[in-house]
Amino acid sequence: MKEIVFATNNMHKLDEIRGILSGSIKVLSLSDIGFLDDIPETGVTLRENALIKSEHIYNLFGVDCFADDTGLEIDALNGSPGVYSARYAGEGCSFQDNVIKVLNELEGVKNRQARFITVISLILDGKRYYFDGSVEGTIEETQSGEGGFGYDPVFTPQGYSITFAEMNKEEKNKISHRGLAVAKLADFLLKS
């Protein structure tokens, strides 16, 4: 079975990706390779941040690896929080802090159209590849559901009447931004 490192310290993302790729590719965490530091995300786009993380690990360890960056773009907020989604409420903030900030900013706003976008940067045998996925939806007025993480309790994907946080993992992974990007990554890796 192929092995690849996922350059993230986000255990929610790691579990999600391992679930999607289970049985086909063994996904190693940063702690599996002895890296316990944070990788600064200094890019101004999702693609730049994904590349910064994958290059950092590749340059240090010389291992095939991938990284992702994900953002929530809300039309009424001119695309925010976007690349700053993980720290929208400030450095060291929690998922809940970010959700509350978004809900406060959208209070009384009718246009609640939004999309999640994931960009994956893969470095395989020293070459760079990119894969992306997106899902359209709306931001709900209140939180609903216990599953998922991040903005999942307020994001309802188009064509559904429940939030990501109300879906089981398998259902979410089939339609989510990350699930779509990882499916492209998996397809590429299995053909390589």
How many residues does the range 102-154 hold that are among the hydrophobic types (A, V, I, L, M, F, W, C), under 30 Å from F61 (Cβ atoms) and either in a loop (DSSP other than H, G, I, E, B) or at pLDDT below 95 (or both)?
1
Every residue from the range 46-92 that is in contact (Cβ under 8 Å) with a residue 40 or more places away in the chain, over 20 Å from K127 (Cβ atoms) and among the hydroxyl-bearing types (S, T, Y)
T70, S85
Looking for something in a loop (DSSP other than H, G, I, E, B) and exposed (fewer than 15 other Cβ atoms within 10 Å of the Cβ) - is there at least one such residue anywhere in the range 24-34?
yes
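Report the residue count in the range 40-63 for those that are among the charged types (D, E, K, R) and modelled with pLDDT under 95.
Total satisfying the criteria: 1.
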Only one of these conditions is not met by A186: (1) under 26 Å from A76 (Cα atoms); (2) touching a strand residue (DSSP E or B) at 6+ places or on another chain (Cβ under 9 Å). Which number is it?
(1)
Looking only at the range 64-86, and only at residues there that are of a type in the set (A, V, I, L, M, F, W, C) and not in a strand (DSSP E or B), the one that is modelled with the lowest pLDDT:
A86
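The values are calculated or read from the model by the stated rules, or taken from the named source; none is laboratory data. Everything numeric in this text was worked out from a predicted model, so none of it was measured. Glycine gets a Cβ as well: all are built from the backbone with ideal geometry, and neighbour counts include every protein chain shown.
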